[in-house]
Structure formats: structure tokens, C-alpha cells
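Below is one structure, written out as C-alpha cells; comments come after it.
The values are calculated or read from the model by the stated rules, or taken from the named source; none is laboratory data. What you see is a predicted model; the values in this text were computed from it and never measured. Positions of Cβ are backbone-derived with ideal geometry, glycine not excepted, and every protein chain shown enters the neighbour counts. Note: areas computed on protein heavy atoms with side chains; ligands, DNA, RNA excluded. Shrake-Rupley method; radii C 1.70, N 1.55, O 1.52, S 1.80 Å.
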Amino acid sequence: MKKLILILSLITSAILSKSQIGVGEWRDHLPFTFSELITESSTKIYVASENGIFSYNKQDKNVEKLTKVNLLSDVGISSIRYSEENQVLAVGYSNGNLDLIYGNETFNLSDIKREMISGSKVINDILFINEYAYLSCGFGIVVVNVDKREIKDTYYIGNLGSLIQVNQTVIDETYLYAATNEGIYVADYTNPNLSDYSNWQRITAIPNYTSSFNSIYVSGGDILVNQADGSFNDVIYSNLDGSWDIFNNEFESIRKIKESGSSIVIVTDKSLLKYNSSFIFQDSIGKSTINFFDPYDMIESTNGTYYIADHGQGLIIHSSNNTEIVLPNAPYFPNAYSVESDNNRVLVTAGALTPNWNNFFLNGAVFSFENERWKSIVDFSAADYVSVKIDPYNSNHFYIGAWGKGVFEYRDDVLEENYQSDNSTLRSIIEGENLYRIKGLDFDDNNNLWVTNSEVENPVSVKQSGCSGIDCWYSFNFDEKISNIIVGDIIVTQSDHKWVMLPLGGGLFVFDDNGTLENENDDLTKKFSIVDENGKVISNNVYSFAEDLDGNIWVGTDQGIVVYYVPENVFESSLFYAQRIVLTIGEVTQYLLNSETITSIAVDGANRKWLGTQSSGVYLVSEDGTEEINHFTEDNSPLLSDKINDVGINHETGEVFFATDKGLISYRGSATMGSDEFRDVYVYPNPVRENYDGDVTIRGLVSDVNVKITDISGNIVYETTAEGGQATWDGKNFSGQRVSTGVYLVFCSNDDGSKTYVTKLLFIK
């Protein structure tokens, strides 16, 4: 059966690009594919998806992103509106947060977010009236003075002043209308006391007047309202001559009723329907005009060009003779679950698992980041890609572990094979069903691929390198020590031992095949709890593990971090115990992150550990874990969420990728993976311009070399030790002053001076 696989390398006429980021800088990798909101200024179109906004310049077609990395304070966008009169872009969020963006300045108004309100705080819509922004919220209407940048008033308009979800507000002459989940309410706008619920009246003449209404249009006494029942059987009612009638009930789902010049446009889940001012049908745009059309919002320009926020194609610009798609380069889906990087290529999977290790049934997708561009590979016949491993000898060759349909092998981004029971030793949890639960993938030094296969009799399989066919596969039973249970990740250590994670309280399992895949008689195996030196169980709820550059095994549990410092002795001692790292902060002594659940561990080129947590963001700790270097959260950094699914590092550049439950974002760390020789050493930027205030980076170094920077006369202005294969310099001398304009020499040397390298850079003050 032929698979439907979509490969997307989205390139439009309006792509923004940034080749690299500096050390200490962030960048998001959020898709704008599923756009839902649109607004415009005199020069720009603003298009929003849940996690970000991009602007499209109507003159030069330039595209810019507005995300948490630069101008936004949050994620979860629920409304946007630009006010030309006030020169402000208002951005509302599902948690009640509000950003007021004036050019390149953002003022965050978090009063609603911080307010103790039961129920929803979502900002569904924004209406500007002079200097006031009327926010349609999950509990009522909030009025914001955008000149004073403060909340002026709050209207609770439900029965007896109760909380009611307001979906949209509009104004017509002197009346303010509110479309709510419990009908259409109206009030005299000139009334100075609209905070008194008694001044709001529900319109009872509308059929089914207590229903939920999501959109309203009012002009010159004419009214259209959409009754949204949530089952795709919406009904638009109209009051055009003093009485209420059904305007049209042939639609399935109505998303917006929009005024467009002198016309009215109804946005449905399938099309745009245009009516003139007399409400006579004029034209439509649908799937026959635009492939895969799924409009959510629109703006029509004076020249008849439609700007459409499309749920699947970003921004569609449509005119009578042309259709253009504008979409910043990014992964196709917002989901990010696991991250793998090798040879300057980053792969991210879009699957997911529930806390009990059941399926989420997300589309099978893997995103590739290479040469500063994203490519999305989507297999609509598969689901829940939860792990990925790049062939260490060929970065164009990789394997995917799917929680449901086995192992997928890709070469040059093309699916080459799907391994199941007919062509491998992998087994389904139910014979005859397509339920192959694969999580762990890793290569050994012989380039054999090791795979964990959950809830079957033989839970570990290996595919030999360099051959094809079912005879290349072996599976292991281990005397049923870990048969028919959930098994998680697998790592092959420097001593060629295979460590297997047993989630949901199972602890750890280690085995050594002694280099004889076909002979299980000489295998060594051990299943054990994570205990301290006294034999007391620390925790068997294992969420992550990693081997550091010294061969130590770091294990993440729901009680923080433990370390096995001599892991090769796992089979030699009956009491094989883990050690906890002790931190002393002031007079307080505690174990490292002992109250945190560690969901991911990544080791950078300086042997430092990046620790992702379930609810507290990301920690960067020193090589031995006794020093906290950074702690990034969604409150103190652009990090999208404090819930981290995985952390992956591009060791060529030092860029650290954080897969969160709200998308993918990255941070340029100061360490890269060093080597035994100097390789392609270069300084960035070079020259250093007078307006550059970031760090200067020296890359391609031998691990941990000493770096001295001197002026042309040989005077040392700075000295440091490389972190792995990279060193940084802030451009200042030992006195903390920015150095003068001139040529500077960079001397790099290892401890015994046997390996040296000299380069130079131009510095402009």
C-alpha cells in the first residue's frame, strides 16, 4: 500500500532569514502554518497562530516574526487587533495576558492573568473605540485605556452581574453589542455606568436567544449574528427590517462575520462568502479556487486583494489573477517531543506519549534543521514518532521509533523501510495488530542499531549494520526479566554496555552481549532499583538518562538527579548504588534538584549538564553538578514553557534545542564539542563592527585549550579556557573596557603546547 508522505521545505517570496545567533541569544522555531487571526496597519498585515505573529509588509513584502524571543511576553495567542489611531498592536492571550506593542516597544498588562477569577480568562476579541480597547473575555468585558496603559473598567454583564463568556463586541452609533455564550447583550454606549449589569439587556427576540453566539455584525441598524452550537450546524440570524429571521442555515461552521469596505464577508470552515451592503450574495472563494483551503480570518484591501489567515497554509494572498502563500520557514506542526543532532543536523519528532505511556495519536512527523532551513517530513498514515537516531556515519540516514507502527528508516529524507514483524524481530503487543511500541534507539561502535520494543516477550532487538533482510535482526529475551512491560530509552555506553530505562517504577536494566549477538549464553544482565550507599531506594521512577564525557551515567528521576560514577562495575557488585550530588547554598545543604522530575539530560562539549524538568524549566549545571550556571523558565527567559519534553544539542554550533509542550525554541550555548585536532577554526563575527555588542566566538578548537588574545604588539588583553571546542570573548580587556580599534591575535594552545593554533580578527570600536 502506497504511503502518503508529505515533504515540506516551505519557501515563499517573503521569507525572513537569520543565518546564525550569537552565544547567549535565543531563537524560536515555531510554525505559523495554522494561522487563525489577522489584522492590518497602513503598511503591514499581521497574522497570528497560537504561539506567535508574523508581519507582512505590503510594500516590500518583507516578513518579520513577533514571538516571545523579541516582542511578545507569552504564548497562547487568542486575539490581535491593530489601532491605526493609537499606533498600537494589541495581543490577547488565552490566560488573560495582554501585550500592547508600540513599534518596537512592548508594554505588558498582566492584571487579568494575575487576577483570581474562577473559569476562563481568555481574551476572545479586541475592539478599539478611540483610546479604549474593549477586551471580550471569558468572564466579561475589560476596558483598557491604551494611552494610560491601564485598565479603566470591567463589565460583568451576565444575569445579576454573573460571569459570562463574551466572544465579541461591536459598536453601532450609540449601542455596544456583545456576543456571548448565553445570547446577545446590548447597552447604550453613552451610559457612564456600564459596569452596572442592569444597564445591559439580552435581546430576547432572536430565535434560541439563550444560545452561544460567536460572531456579530452591526451597521446602520442591520444586524447579523451567528449561533454556534459547537456541532458544525451554525445558523446566522439577521435583523434587516426590524424583525429576526434566518439569514442562512446552509453553512456548517461560521468563524467570522466581517465588514469588508462596503461589503460583508462570512468566513466559514470551507469558504469566504461575500455579500454587498444590501446583503445580496456576490462571490465566494472556496476549495475549488484554493487547494486545501481552511480560512479562519480575512482582510480585503481596496484593490480587491484578500489577505487570509489559513489553518494549514499561514497567510494566503489572493486576487483575481494570483494566489500566493506566505509562511516563515519553520516546522510544519508545533509539536516537539524528542531532539537528536549530529554532524550539524538537527532532527525533531512531533509525537507524544501520555503520562501512562499511551498514544496521543499525533501525525507521524519529523522535522529536519540543516543549513539554517527547516524541512518537514509528514507521514499521515503513521502516528506518534517518539524517538529519532541519526546514523553516526551518515547524517542523511536516520531511524524513527514510533509508538504504534514500528521502526521507520529514512535515507535522504525518503522513507526506505518500515520494520515490523514481517521484516524484523520486532513484535506487536497484540499479534496481528499494528501495535509496535518502539521508544529506545541507539548505535554501538559497530554501527549496529539497538531498539527497545515495549510489552512483548523479547523487549530488545538489534539490527546489524551493513546488511539487509530479516536475518540481520536479533532479539533478546533476558530470561523474561523485562518481558511484557513498558521499556523506555536505551543507551550504549563507552564500555559497550546497554542501559535500558524501565519507566513507571521499574528502575533500570543493564546488559552486556559480550560482542556475540547470536549467543545469549555469555550475556550478562542486571535489573536493579536505584538505591543509595545504604541500600535505600531513592526512586525507581526513571524519566531520563545520559552518559557524560567521562563515562559516568546520569539518571533523571522524580526525585532529581543521581549519578553512577563507575558504571562499568554494574555486574561486579551486589550493591550497585547511585550517588546524589550535594549542594550547599548558604547554610542550606540539599540534594541537586531533589524535588524536581528530570525529563531530559543533555551533555554539552564542556561536559556540563542541561537538565530539562517537568514543571520548572531548564537548568544548566557544571560538569560535576555542584554549580548552577543557568536556570531558564518561561518567566525569566523566552522559554516557551516550563514543561520540557527533551533537550538536544548541536555540538557543532553549541545551539541547545528545547522541545516543550508549547513548541520548539533554542539557545546558543557557550560550549561546542572539542576534538583532538584543530578543525576549521574561525572567529565570528570578524570583523567585529562598532555596533556589535555580543560575544566574539572562536570555534573549531581542540578540547579545553588555553586561549590568549593579544594586540598586534603582543600585549595580552584577554585570556580564557575553551569550553569544549569553543571560546568566547566579550570584547573587553582585563579592566572591563572595550578594546581599541585594531588587529588582534588569537593564540590557542593545549596544556603541553603540542597543539597550537593562531588566528586573527579585526576589532572596530
How many percent of the accessible area of the chain is carbon or sulfur, using a 1.4 Å probe?
43
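If you filter the stretch 190-267 for trypsin sites (Lys or Arg not before Pro), then keep DSSP loop positions with at most 13 other Cβ within 10 Å, what is left?
Working: sites: Arg202, Arg255, Lys256, Lys258; in loops: none.
Those that pass, being in a loop and sparsely packed, number zero.
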Enter the accessible area per residue of the chain (Å², integer; probe 1.4 Å; all protein chains in place).
42
Length gained when the stretch Asn108-Asp676 is fully extended (0.36 nm per residue, less Cα-Cα span)
199.6 nm
Anisotropy class of the stretch 520-561 from Cα gyration tensor, a/c 1.5 cut
oblate
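Between Arg373 and Asn57, how high is the FRET efficiency from 1/(1 + (r/R0)^6) when r is the Cβ-Cβ distance and R₀ = 22 Å? Nearest 0.05.
Working: r = 22 Å, r/R0 = 0.99.
The calculated FRET efficiency here is 0.50.
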What are the lysines whose alpha-carbon lies under 18 Å from the alpha-carbon of Lys708, with same-chain residues fewer than 8 places away excluded?
Lys732, Lys755, Lys760
List every residue whose amide H lies under 5 Å from the amide H of Leu435, counting only residues 5 or more places away in sequence or on a different chain, with H placed 1.01 Å from N in the peptide plane.
Ile429, Ile430
What is the extension gain from Asn191 to Asp413, computed as 0.36 nm multiplied by their sequence separation minus the C-alpha to C-alpha distance, in nm to one decimal?
73.6 nm
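When a/c reaches 1.5 or more, the comparison of a/b and b/c decides; with that in mind, is the chain rounded, prolate or oblate per its Cα gyration tensor?
On the way: a/c = 2.01, a/b = 1.55, b/c = 1.30.
Because a/c hits 1.5 or more and a/b exceeds b/c, the chain counts as prolate.
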Which of Phe232, Gly551, Leu611 sits closest to the plus end of the dipole of the chain, meaning its Cα is farthest towards the positive end, when Lys and Arg get +1 and Asp and Glu get -1 on the C-beta?
Phe232
On a 27 Å Cα-Cα criterion, which of the cross-link pairs Lys44/Lys113; Lys405/Lys662; Lys389/Lys498; Lys256/Lys375 come out too long?
Lys44/Lys113; Lys256/Lys375
Summing Lys, Arg as +1 and Asp, Glu as -1, what charge do residues with Cβ under 14 Å from the Cβ of Gly469 carry, Gly469 excluded?
-4
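Where does the chain land at 222 nm, in deg cm²/dmol rounded to the nearest 500, when only DSSP H runs of n ≥ 4 count, each adding -39500 (n - 2.57), divided by all residues? Walk me through the intermediate numbers first.
Details: 1 runs with 4 residues, N = 765.
Calculated at 222 nm, the ellipticity per residue is 0 deg cm²/dmol.
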Along the charge dipole of the chain, pointing to its positive end and built from +1/-1 on Cβ of Lys, Arg, Asp and Glu, which listed residue (Trp473, Asn276, Ser136) has its Cα farthest out?
Asn276
Tell me the label-point distance for the pair Phe571, Met116, using the 7 Å Cα-to-Cβ offset, in nm and rounded to one decimal.
6.1
Assigned charges on the beta-carbon of Lys, Arg, Asp, Glu; the stretch 661-751 dipole about Cα centre (debye):
280
Computed about the Cα centre, the charge dipole of the chain from +1 Lys/Arg and -1 Asp/Glu charges at the Cβ has a magnitude in debye, to the nearest 20, of 1500
Defining a contact as two alpha carbons under 8 Å apart and six or more residues distant in sequence, what relative contact order in percent does the chain show?
8
Taking Cα pairs closer than 8 Å and at least 6 residues apart, the relative contact order of the stretch 415-486 in percent is 26
Which residue, Ala205, Val366, Ser301, has the largest displacement toward the positive end of the dipole of the chain when charges sit on each Cβ (Lys, Arg +1; Asp, Glu -1)?
Ser301
The stretch 684-765: relative contact order from alpha carbon pairs under 8 Å, six or more residues apart, as a whole percent, is 33
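Quick check for me: using +1 on Lys/Arg Cβ and -1 on Asp/Glu Cβ, what's the dipole size of the stretch 350-400 about its Cα centre, in debye to the nearest 20? Could the numbers behind the result be given before it?
Values: 3 positive and 5 negative charges, 5 e Å.
Charge dipole, the stretch 350-400, about its Cα centre: 20 debye, nearest 20.
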What distance in nm separates the two pseudo spin-label positions at Glu518 and Ser162, each 7 Å out from Cα along the beta-carbon direction?
7.6
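For a quick check of your reading of the filter: which chymotrypsin sites (Phe, Trp or Tyr not before Pro) in the stretch 641-697 sit in a DSSP loop and have no more than 14 other Cβ atoms within 10 Å?
Numbers: sites: Phe657, Phe658, Tyr667, Phe678, Tyr682, Tyr692; in loops: Phe678, Tyr692.
Filter output for the stretch 641-697: Tyr692.
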Quick one: what are the phi-derived ³J(HN,Hα) couplings along the stretch 553-558, Karplus 6.51/-1.76/1.60 with θ = phi - 60°, whole Hz, x for glycine and proline?
9, 9, 10, x, 10, 7
If each residue of separation counts as 0.36 nm, what is the full-extension length gain between Glu431 and Phe279 once their alpha-carbon separation is subtracted?
48.7 nm
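At a Förster distance of 45 Å, what's the computed FRET efficiency of Glu480 paired with His397, Cβ-Cβ distance as r, to 0.05?
Numbers: r = 34 Å, r/R0 = 0.75.
Given R0 = 45 Å and the Cβ-Cβ separation, E is 0.85.
Decide, for the stretch 658-710, between rounded, prolate and oblate: order the square roots of the alpha carbon gyration tensor eigenvalues as a ≥ b ≥ c, take rounded if a/c falls under 1.5, and otherwise choose prolate if a/b is larger than b/c, else oblate.
Verdict is oblate for the stretch 658-710.
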Can you return the aspartates and glutamates within cross-link range of Lys527? Criterion is Cα-Cα under 14 Å, with same-chain partners fewer than 8 residues away left out.
Asp479, Glu480, Asp512, Glu572
